[in-house]
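A short write-up of the structure that comes next.
The values are calculated or read from the model by the stated rules, or taken from the named source; none is laboratory data. Note that the coordinates shown come from a computational prediction; the quantities given were computed from them, not determined experimentally. Positions of Cβ are backbone-derived with ideal geometry, glycine not excepted, and every protein chain shown enters the neighbour counts.
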Amino acid sequence: MNLHFHTMDDLREAISDLGDILARPTRHLSHPTLYRRRDVGKNEKIIKGIRVKDWLLSDDQRWALPHDQMGLSFSSNYKNLKKVYKLKERHNPGSATHVFWVLEEADLPSGLKFEADRDKKGHYFLTVTEPILLEKLVEKLRAVAQRMSIIQNAGRLL
């Protein structure tokens, strides 16, 4: 069956019996869970596709350490998603922005967990629950990306 969604609410309604969704706007040709140099500001540091400011890293920056309020950002509601989407569009004019989404209760790789942001309603972090080498974190984030669905050129839905 091929379904066509006109809005995020249409999508949310269609999968409501499966659970809540978490979404991430991503620039065209960018990875949904890892960063390339073009995806970050010129003063932001990335290591192996991991944006340093997103994670609590060890002093030698080889390990991501557990922290329930640091990790990869996701939106859980339309208001937060639309705000982040508009920010991506403003920083990347002329480049399409896609929305990648996954069910909140998705079967995540071991050592990863979604945590609600205590300060920002509608915002979640994909966190690590145990110390993990960055190489292993990259593998796990790639596995999450493979489980994500995409809404291409999502602006028309938002």
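Within the set of pairs 6 or more residues apart or between chains, which connect a residue that is of a type in the set (Phe, Trp, Tyr) inside the stretch 14-35 to a residue that is surrounded by fewer than 23 Cβ atoms within 10 Å (Cβ to Cβ) and modelled with pLDDT of 90 or more with Cβ atoms less than 8 Å apart?
Short answer, once both residue conditions are applied: Tyr35/Ile46; Tyr35/Gly49; Tyr35/Ile50; Tyr35/Arg51.
Yes/no per residue for (1) surrounded by 15 or more Cβ atoms within 10 Å (Cβ to Cβ); (2) more than 21 Å from Lys45 (Cα to Cα); (3) at pLDDT 95 or above:
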| residue | (1), (2), (3) |
| --- | --- |
| Asp59 | no, no, yes |
| Arg62 | no, no, yes |
| Tyr78 | yes, yes, no |
| Tyr85 | yes, yes, no |
| Lys88 | yes, no, no |
| Leu103 | yes, yes, no |
| Leu108 | yes, yes, no |
| Ile132 | yes, no, yes |
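Sort out which residues of the stretch 59-85 are in contact (Cβ under 8 Å) with a residue 24 or more places away in the chain, out of contact with any helix residue (DSSP H, G or I) (no Cβ under 9 Å at 6 or more places or on another chain) and assigned to a helix (DSSP H, G or I), and write them in order of number.
Lys79, Asn80, Val84 - these are the residues of the stretch 59-85 that are in contact (Cβ under 8 Å) with a residue 24 or more places away in the chain, out of contact with any helix residue (DSSP H, G or I) (no Cβ under 9 Å at 6 or more places or on another chain) and assigned to a helix (DSSP H, G or I).
What single numbered condition from (1) surrounded by 19 or more Cβ atoms within 10 Å (Cβ to Cβ); (2) more than 12 Å from Val99 (Cα to Cα); (3) aliphatic (A, V, I, L, M); (4) modelled with pLDDT under 90 fails to hold for Leu18?
The one condition Leu18 does not meet is (1).
For the stretch 29-58: of the residues being more than 17 Å from the chain's Cα centre (by Cα) and assigned to a loop (DSSP other than H, G, I, E, B), which is nearest to Leu133 (Cα to Cα)?
Ser58
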